[in-house]
Each structure stands twice: as C-alpha cells, then as structure tokens.
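Down below is the structure, laid out as structure tokens.
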Amino acid sequence: MEKHVQKYVDDFMADIIARNPGEKEFHQAVHEVVESLAPYILENPVLQKMKVLERIAEPERIVMFRVPWLNDKGEIEINKGYRVEMNSAIGPYKGGIRFHSSVNLSILKFLAFEQTFKNSLTTLPMGGGKGGSDFNPKGKSDNEVMRFCQSFMTELQRHIGANTDVPAGDIGVGGREIGFMFGQYKRLRNEFTGTLTGKGLGWGGSPLRPEATGYGTCYFAQEMLATRGESFKGKTVAISGSGNVAQYACEKATQLGAKVVTLSDSSGYIYDPKGIDADKLAYVMELKNIFRGRIKEYAEKYPEATYYEGQRPWSVKCDIAMPCATQNELNGDEAQTLIANGCFCVAEGANMPSTPEAIKAFLDNKLLYSPGKASNAGGVATSGLEMTQNSMRLSWSPQEVDQKLHSIMKDIHAACVKYGTGPDGYVNYVNGANIAGFMKVANAMLAQGCV
Ligand SMILES: NC(=O)C1=CN([C@@H]2O[C@H](COP(=O)(O)OP(=O)(O)OC[C@H]3O[C@@H](n4cnc5c(N)ncnc54)[C@H](OP(=O)(O)O)[C@@H]3O)[C@@H](O)[C@H]2O)C=CC1
Ligand SMILES: O=C(O)CCC(=O)C(=O)O
C-alpha cells in the first residue's frame with residue numbers, strides 16, 4: 001500500500017478507535033472496509049470533504065433497553081436489548097436480530113455496518129441495521145422464549161415499522177422467535193404489516209426465505225467457481241455451523257453435486273467421509289430445529305461419522321470451505337491448513353467468519369474467496385423480496401423467488417468482478433464488495449446533504 005494511502009487508513013482507524021473504545025469487532029469490520037476504500041476516497045475529494053465514510057461508520061441511532069421476563073420458576077430475569085440503526089440513505093433500516101450470550105454493542109455495530117454494504121449490494125432499497133440481546137435461548141422452554149420475545153418486542157415496537165426499520169432473524173432467532181415477536185408487534189400496534197421478515201408462509205412470509213442465505217451462498221460460489229471453469233460437481237465441501245445457513249448451504253451444495261463432509265456447533269464438529277446426503281440432512285434439521293440437540297448426536301446415529309469435541313472443521317481435506325457459524329471462526333493458521341490441504345475456494349455464509357490473518361492468507365494465495373457481505377446477501381435480498389410481496393399483498397411462487405434470488409446473486413458477483421479485478425486478473429472480492437456496496441450509499445448521502 002502506498003504511504004499516503006496507509007496514512008489515510010491509520011488516521012481513519014485512530015479516530016474510529018478513539019470514538020468507539022474497546023469495540024474490537026467493530027474496529028475489525030471498519031478496518032477491512034477502509035483498506036479497500038482508501039484509494040478510491042483519496043481520488044474523490046468530495047467524499048473526503050463530505051466525510052461520507054466517517055458518517056457511514058457512525059450509527060444514525062442506537063436504542064438500548066431493559067428486557068425483563070419471567071422464567072418457568074416465576075423468577076424475574078433481566079437481559080439487555082439493542083437495535084443499531086446504522087444507515088438509512090437508500091431505504092429503511094434492515095437487518096437481523098441476534099439472541100446469543102455474547103451479544104454486545106461491538107458485535108451489533110460490526111454487523112450493522114456490514115449490513116449497510118451488503119444491503120446496498122443486493123440492488124434493493126434497504127438501509128442497514130442490526131439488533132439483538134444477550135439472551136441465550138439454549139435450554140429455555142418454548143414458553144420462556146415466548147415471554148422473552150414478547151418483552152423484547154414490547155419496547156422494540158416503538159422504534160420499528162414497515163417503512164422505518166424491518167428486523168429479521170440471525171443467530172438464535174428463527175421461525176419460532178419471529179412468530180412470537182410478530183404476534184406481539186401486531187397486538188401492540190394493531191396492524192398487520194411487513195415489519196418483520198422471515199415470517200411463516202401462511203402469514204406473510206416469502207417462499208424460500210429460510211433457504212435463501214445458504215442457497216445464495218452456493219449460487220455465489222457457483223459464479224466464483226465458473227470463473228475458473230469449475231463447479232460444485234464432484235467437490236468435497238467443509239461447512240461449519242449446523243443452523244439455518246449451514247443446513248441450506250449443505251442442501252444446495254449437495255444438490256449441485258458436491259459431497260459435504262462436515263457440520264459443527266459451538267461444542268465441536270462431525271466428519272462424515274461418506275457425505276451428508278438428503279436423508280442425513282433431514283435428521284440434522286429435526287435434531288437442530290425441533291429437538292434443539294447437539295451435533296455430536298449425528299455421530300451416535302451414523303457410525304461412519306466421527307465427532308471431534310472442542311474443534312473446528314478446518315483441518316479436514318476439502319476443495320471448498322463454507323464457514324456458516326459465526327464471526328472469527330477461521331483464523332490464520334486454519335486458513336494455512338486449508339490451503340495446504342488443497343482448498344481453493346472459500347465462500348462465507350456467516351458474517352465476518354474469517355480473521356484478518358485468514359483473509360490475508362486467502363488473498364495472498366489467490367484463492368476464490370468471498371466475504372460474507374457479498375456471498376451471504378441472499379438472505380437479506382429475499383427479505384427484501386418478502387417486503388415487496390407484503391407491500392403488494394401478493395405471494396410469489398417458490399420458483400419465482402428462487403429465480404430472483406439467483407439473478408441477484410449473479411448481479412452481486414458481477415459487481416464484485418467489476419470493482420475487484422486487479423491488473424493481474426485476480427478478483428479481490430473483498431475490494432469489489434466494499435467498493436460496489438459503498439458507491440450507492442455514498443451517492444445517496446451526497447445527494448441528501450449533511451444528515
Ligand atoms: N439467518 C440468516 O438469514 C443469515 C445469517 N447470517 C449469518 O450466518 C451465521 C449463522 O447464522 P444462522 O445460521 O442464522 O444462525 P443459527 O442460530 O441458526 O445457527 C448458528 C450456528 O452457528 C453455531 N455457533 C454460534 N456461535 C458459535 C460460536 N461462538 N462458535 C462456534 N459455533 C457457533 C451454532 O452452534 P450452537 O448451537 O452451539 O450455538 C449454530 O450451529 C451468522 O454469522 C449470521 O450472522 C448471514 C446472513 C443471513
Ligand atoms: O433478512 C434480513 O433482514 C437480515 C439478514 C441478516 O441478518 C444478515 O444478512 O446478516
């Protein structure tokens with residue numbers, strides 16, 4: 001990096017760190033973007049003068065609130081609730097809600113920041129936001145989850161709306177939680193609108209929203225593979241996670257002819273050398289979505305599989321890796337192991353799953369590497385399609401939604417290639433996604449003045 005560009009990055013980050021002390025995930029997300037954008041911003045002085053990136057990195061609004069609820073023993077429990085409304089330059093705030101014990105402002109600000117760029121990449125009119133709570137749904141009864149969701153929404157409903165801020169699911173928030181939150185929203189506001197996405201099919205949800213993030217990640221990977229005359233056919237795939245994104249990435253990769261050999265959760269991973277076929281995946285979906293069990297039970301059911309307690313799946317030999325669990329779940333050493341084992345494509349289903357050291361290793365070794373904000377954008381894109389169907393009070397067929405999702409993922413890939421191709425022809429999808437995502441938001445902010 002040239003000296004004056006490095007200086008811009010260093011100064012920018014010094015300011016971010018001073019203004020947001022201790023928020024290391026937020027610093028990490030901003031740093032990656034500033035590194036990509038610095039040369040572009042320095043060539044366009046109006047962006048500097050109007051402090052466009054500085055404003056994008058400062059949330060428009062953050063709501064923090066108390067979430068008191070009664071557990072099954074009749075005792076009061078108290079959690080923290082948040083909504084980070086990051087940027088509304090191109091549409092209402094849009095982004096998921098995360099329920100996990102690790103949730104804090106740093107994590108939600110990094111996610112809301114990434115979401116702003118991701119939503120812009122979808123080409124749909126959605127701003128960026130993210131919310132959540134440090135509530136841990138694991139081990140809670142359905143009634144406890146319902147009471148928590150109702151209390152969370154009792155406050156959140158004041159701040160959201162179909163034209164203001166439209167939350168959806170994320171880690172720990174799936175169809176069950178969206179149902180409880182939507183029910184409470186409707187009761188308090190006396191309106192049936194598309195204020196949440198990820199709703200059930202019979203009450204305003206879109207076909208394919210549950211599948212969309214995992215499917216979309218595979219569609220994006222397909223495009224990357226095609227640039228080297230490759231495809232999923234006959235490839236071995238390692239996937240982390242076993243939640244929503246991992247399940248449907250596994251389903252689509254298998255449909256496209258690959259053999260998926262790993263899934264994981266926060267306790268460990270399973271390796272199935274024969275592959276996780278449709279029947280085995282149906283078992284995982286029941287285990288995880290209905291019985292809320294642990295992935296180690298897979299190895300008890302299928303003796304050909306081995307369970308590795310406390311480990312991540314990145315030492316397994318694979319052609320394609322798809323991290324689909326959480327942030328910073330793939331470090332520099334694990335990236336080197338993947339590369340040494342012949343992995344040539346990494347498509348992120350999770351948000352920021354690779355550490356900066358891992359990303360550097362992927363780029364230095366010229367892998368096909370896509371950051372989550374590009375390859376997992378199919379989830380929020382289909383949420384955007386759900387919003388459109390809700391506004392029209394119409395429902396599209398699964399085929400129609402799949403075709404739109406597929407074409408959005410192709411368009412995002414094309415935008416990354418356009419803005420990320422270097423002089424040697426290597427596509428740096430990190431730069432491509434950051435520059436393409438930034439331009440639309442930046443132009444809108446320039447047009448809208450100092451707001
Ligand atoms: N759902 C969506 O539409 C979208 C999700 N994403 C991103 O995809 C990722 C997965 O989300 P989703 O599948 O919806 O969430 P789920 O809650 O459905 O699944 C999360 C999975 O990741 C595992 N996991 C969570 N935290 C950790 C951790 N600290 N270490 C190891 N494993 C962990 C979970 O294991 P355990 O059960 O043990 O916690 C679980 O298997 C997240 O990064 C999310 O932000 C991105 C775009 C859209
Ligand atoms: O569907 C949505 O609105 C948000 C999905 C999400 O949280 C994400 O893209 O990270």
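The values are calculated or read from the model by the stated rules, or taken from the named source; none is laboratory data. Keep in mind that this is a model prediction, so the values were computed, not measured. Because the Cβ atoms are built from the backbone with ideal geometry, glycine has one as well, and the counts that use them run over all protein chains shown. Ligands, DNA and RNA are stripped out before the accessible areas are found, and what is left, the full protein with its side chains, is counted by its heavy atoms. Shrake-Rupley method; radii C 1.70, N 1.55, O 1.52, S 1.80 Å.
Of note, L338 does not satisfy the criterion of being more than 13 Å from ligand 2 (Cβ to nearest atom), touching a Cys at 6+ places or on another chain (Cβ under 6 Å) and aliphatic (A, V, I, L, M).
Within the range 1-39, being free of Cβ contacts under 8 Å to residues at least 12 places away in the same chain and surrounded by 15 or more Cβ atoms within 10 Å (Cβ to Cβ) holds for one residue alone: I17.
On inspection, S354 passes the criterion of being among the small types (G, A, S), under 17 Å from the mean Cα position of the chain (by Cα) and under 13 Å from A321 (Cβ atoms).
Restricting attention to the range 424-451, the residues that are assigned to a helix (DSSP H, G or I) and among the β-branched types (V, I, T) add up to 3. The residue list E77, E85 contains one member that is part of a strand (DSSP E or B), of a type in the set (D, E) and away from ligand 2 (no atom under 16 Å from the Cβ), which is E77.
Which of the following residues is at pLDDT 95 or above, touching a helix residue (DSSP H, G or I) at 6+ places or on another chain (Cβ under 7 Å) and not in a helix (DSSP H, G or I): Y369, Y419?
The match here is Y369.
Tallying residues that are away from ligand 2 (no atom under 16 Å from the Cβ), free of Cβ contacts under 8 Å to residues at least 60 places away in the same chain and open to solvent by 30 Å² or more (accessible area, probe 1.4 Å) within the range 229-256 yields 8.
Scanning the range 369-420 for residues that are away from ligand 1 (no atom under 12 Å from the Cβ), of a type in the set (S, T, Y) and open to solvent by less than 10 Å² (accessible area, probe 1.4 Å) returns Y369, S370. Please determine whether any residue of the range 425-443 is small (G, A, S) and either open to solvent by 10 Å² or more (accessible area, probe 1.4 Å) or modelled with pLDDT under 95 (or both). Scanning the range 425-443, I find at least one residue that is small (G, A, S) and either open to solvent by 10 Å² or more (accessible area, probe 1.4 Å) or modelled with pLDDT under 95 (or both), so the answer is yes. Pairing residues of the range 40-64 that are more than 14 Å from N20 (Cβ to Cβ) with residues that are open to solvent by 60 Å² or more (accessible area, probe 1.4 Å), at Cβ distances under 8 Å and at least 6 apart in sequence or on separate chains, gives I41/Q48; L42/H4; L42/Q48; L47/Y40; M50/C450; M64/K80.
Only one of the numbered conditions (1) free of Cβ contacts under 8 Å to residues at least 40 places away in the same chain; (2) acidic (D, E); (3) within 15 Å of ligand 1 (Cβ to nearest atom) is not met by D134, and that is (1).
Let's see how each residue does on (1) within 14 Å of ligand 1 (Cβ to nearest atom); (2) in contact with a helix residue (DSSP H, G or I) (Cβ under 9 Å, 6 or more places away or on another chain); (3) farther than 28 Å from N143 by Cβ:
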position: G179; (1), (2), (3): no, yes, no
position: F192; (1), (2), (3): no, yes, no
position: L196; (1), (2), (3): yes, yes, no
position: G214; (1), (2), (3): yes, yes, yes
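Cβ separations smaller than 6 Å between residues 6+ apart or across chains give the following pairs from the range 361-376 residues that are more than 16 Å from ligand 2 (Cβ to nearest atom) to residues that are open to solvent by 10 Å² or more (accessible area, probe 1.4 Å) and not acidic (D, E): A361/G332; A361/Q336; N365/I339; K366/Y426; L367/F344. In the range 329-351, the qualifying residues are those that are among the hydrophobic types (A, V, I, L, M, F, W, C) and more than 21 Å from the chain's Cα centre (by Cα), and the one that is nearest to ligand 1 (Cβ to nearest atom) is L338.
Name the single residue, out of those in the range 78-92 being over 24 Å from L37 (Cβ atoms) and touching a residue at least 24 places away in the same chain (Cβ under 8 Å), that is most open to solvent (accessible area, probe 1.4 Å). Checked the range 78-92; the qualifying residue most open to solvent (accessible area, probe 1.4 Å) is K80. Annotation note: Cβ proximity below 8 Å between a residue of the range 402-427 that is within 19 Å of N365 (Cα to Cα) and a residue that is among the charged types (D, E, K, R) and surrounded by 12 or more Cβ atoms within 10 Å (Cβ to Cβ) (sequence gap 6+ or interchain) occurs for Y426/K366. Scan the range 141-154 and give yes if some residue there is at pLDDT 95 or above and within 15 Å of ligand 2 (Cβ to nearest atom), otherwise no. No, there is no match, as no residue in the range 141-154 is at pLDDT 95 or above and within 15 Å of ligand 2 (Cβ to nearest atom).
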